[in-house]
Structure formats: structure tokens, C-alpha cells
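Inspection log for the structure reproduced underneath, given as C-alpha cells.
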Amino acid sequence: MIRPLAEVFAEMKDPRQAKGKRYELGLALTLIFLAILSGEDELRGIATWLQEQRWELGRRLGLRGGRVPSYGTVRRVLMGIDIDELEARLGQWAQEAMEQQGGEEWPGIAIDGKTLRGSRMDEAPGLHLLSAFSHQLEIVLAQRAVGDKTNEIPEIRALLERLTLEGMLVTVDAMHTQRETAALIAQKGGPT
């Protein structure tokens, strides 16, 4: 049986102080994840969706009085979360899910970078993520944030290090047709 993502989220280290914390990290991340799955990609949109769905979420998840995290809570959780830990735990969960599905090899992984809409704040540029997407599982296996003072080329190598590539076809943008990147894919068992 595939472990619920809520359990994965609950195992993460909570960056918030214990005092005055109304929502456990696992619950808060689960609610945020549900809003994102429903198409919300901005902080205010996530908070609004949670308010709109509060009674149904309360019924299904046992929330008292239809209370859901506010915009401030959503912002604090997402700003404080350790992205590397989240990516590692989600990658491990995806690996477990694959094994539960019979351990068949994934036919392919697509790697692409995108700037998240609505992530730009004042003078700060938007958050740019490099993602590895499994065609078979139809989920993102791993992501890496691309810093302001770099680009995707060095980040793809760090992303590839975290993936199992044996027997998989890896597709990338033209900018990633670099010798070092190709050598890493071949070294990790990807097709040559």
C-alpha cells in the first residue's frame, strides 16, 4: 500500500516555533498541496481556496469548525520549509510508490525548468524550479530551485544525482546538451 502523502509531510521538521502553532506541519502542507492540485499557484489563491473548501475539508479531514490555515499561515509554512528536505522526502515517496506498483522501470523522465507564476515579490525575481517528471507515474520526482546567480546547467547535474536513471530515457531542453550532463546520465545507467 502506498503511504499517504500526509504521513510524509508529517515527518518533516517544522521550522515554526511550537508556541502558538495551530496547525501541525503535516496537515498544513497537505491542505496546501490539495489547493495546488486544484490549480492554485499563488499564496492568496491557496488561502482563498482553503476558505472556500473549509467545510468539505473539515468534514473529510476532521477539522473543527471548518477552520483552515489563513494566508499568513500558508505564507509562513511555505517560506520556512526546508526545500531540500521536502524534495528528498517526496523523491523517496515516489520511489516507494514505484516499487509498490510492481517495480517496473519508468519509460522516461522529462526535465524542464519553469518560473513559478505569482512567485515574484517586489524586486525579488520569481522562483525558478528545475523539475524531473515521470511519464509513467505522472508526478514530479524531484525539483531544484535555480538561484539568481546561476542557471539550469549546473543545477541539472545536482538534480540527476538524486534520481535513479537505469534503463530510462531522459529528455532535456537543448541548453542541457552538455558533455558533462550526458556523461552523468550514462554513468547513472541511462541509455547511451
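The values are calculated or read from the model by the stated rules, or taken from the named source; none is laboratory data. Just so it is clear, the structure is predicted and the values come from calculations on it, not from any experiment. Virtual Cβ from ideal backbone geometry, glycine too; neighbours counted across all protein chains shown. To get the accessible areas, we keep the full protein, side chains included, count just its heavy atoms, and leave off ligands, DNA and RNA. Shrake-Rupley method; radii C 1.70, N 1.55, O 1.52, S 1.80 Å.
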Legend entry - Protection proxy ranking, peptides 133-145, 54-66, average beta carbon neighbours within 10 Å, highest first: 133-145, 54-66
Legend entry - 0 to 90° range, to nearest 10: angle between helix 71-80 axis and the chain longest Cα axis: 40
Legend entry - Heavy atoms of Asp84 accessible to a 1.4 Å probe, total area in Å² rounded to 10: 90
Legend entry - Interatomic Cα distance distribution for region 1-102, bins of 5 angstrom, percent: 2, 12, 21, 24, 20, 13, 6, 2, 0
Legend entry - Residue-normalised accessible area of the chain, expressed per residue, 1.4 Å probe, Å²: 61
Inset, instruction - State the answer as a single residue: which of Ala145, Gln53, Ala186 lies farthest towards the positive end of the charge dipole of the chain, with beta carbon charges of +1 for Lys and Arg and -1 for Asp and Glu, about the Cα centre. - result: Gln53
Inset, instruction - Can you tell me the 0 to 90 degree angle between the C-alpha axis of helix 83-100 and the longest principal axis of the chain, rounded to 10? - result: 70
Legend entry - Share of carbon and sulfur in the accessible heavy-atom surface of the chain [1.4 Å probe, %]: 51
Legend entry - Magnitude of the charge dipole, the chain, Cβ model with Lys/Arg +1 and Asp/Glu -1, debye to 20: 1000
Legend entry - All Cα pairs of the chain, percent lying beyond 20 Å: 61
Legend entry - About the Cα centre, charge dipole magnitude for region 6-66 (Lys/Arg +1, Asp/Glu -1 at Cβ), debye: 400
Legend entry - Whole-Hz couplings from phi, Karplus 6.51/-1.76/1.60, listed for region 172-189; x for Gly and Pro: 9, 5, 4, 4, 8, 7, 10, 4, 5, 5, 4, 5, 5, 4, 5, 4, 8, x
